[in-house]
Amino acid sequence: MSNKAIDQRAIGQVFLNARTHSFWTNTPVKDDLLKQAYELARMAPTSANCSPMRIVFVKSAESKELLRPCLAEANIEKTMSAPVTAIIGHDLTFYETLPQLFPHTDAKSWFVGNEELSVVTAFRNGTLQAAYFVLAARSLGLDCGPMSGFNNAMIDEVFFKGTTIKSNFLCNLGYGDVSKLFPRSPRLSFTETCAIL
């Protein structure tokens, strides 16, 4: 049976009405909801099913204080007030799990000893998975505030020390205060950005 388009309400929630939030209500985010968002995101495709994304969910007051000095000044208030901040990274040695994730061929051998390919693959597919995660979170009713504006090296030292994981970007999660949203910024049109050959 072929797929059918999802309804307009769902499209609106995930794409058309969804916004990047900087101000948050006090409603907490349950751990189970974070798990559900990951469970959805992990099902989306990556090359050779490599799945390099790794996430640290910063929720506790103690963890927030560890995060604070890593942030650019403009991002401190919005991040400290968010119920959760996801530090989204990618594992540069993702290929160690390829025998489990892609067992029908020796995909690990494509990357062992090829640092350049490993770094590019981890970053590309980790970023792709992170985008799936944002869509998954929105589909479960969460608002998102993905952002740059932090010290990657400091984040890696504090939250990923002793690992081969590198931070990519942060995503604040919670229930946004819609009364404080700016008007939506314009987007480029299909004809400005696309070609059908």
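The values are calculated or read from the model by the stated rules, or taken from the named source; none is laboratory data. Everything quoted here is computed from the prediction, not taken from an experiment. Using ideal geometry, Cβ is built from the backbone for each residue, glycine included, and neighbour counts are taken over all protein chains shown. For accessibility, only protein heavy atoms count, side chains too; no ligands or nucleic acids. Shrake-Rupley method; radii C 1.70, N 1.55, O 1.52, S 1.80 Å.
Worth pointing out:
- Some residue of the stretch 88-106 being closer than 21 Å to V14 by Cα and either open to solvent by 40 Å² or more (accessible area, probe 1.4 Å) or in contact with a helix residue (DSSP H, G or I) (Cβ under 9 Å, 6 or more places away or on another chain) (or both): yes
- Qualifying residue in the stretch 132-154 (condition: free of Cβ contacts under 8 Å to residues at least 60 places away in the same chain, touching a Ser or Thr at 6+ places or on another chain (Cβ under 7 Å) and surrounded by 14 or more Cβ atoms within 10 Å (Cβ to Cβ)): yes
- For the stretch 101-113, the condition holds for no residue, the condition being that it is touching a residue at least 24 places away in the same chain (Cβ under 8 Å), of a type in the set (A, V, I, L, M) and part of a strand (DSSP E or B).
- K35 vs. criteria open to solvent by 40 Å² or more (accessible area, probe 1.4 Å), at pLDDT below 95 and of a type outside the set (A, V, I, L, M, F, W, C): no
- Answer from R68, R42 - the residue that is closer than 30 Å to V120 by Cβ, open to solvent by 80 Å² or more (accessible area, probe 1.4 Å) and modelled with pLDDT of 95 or more: R42
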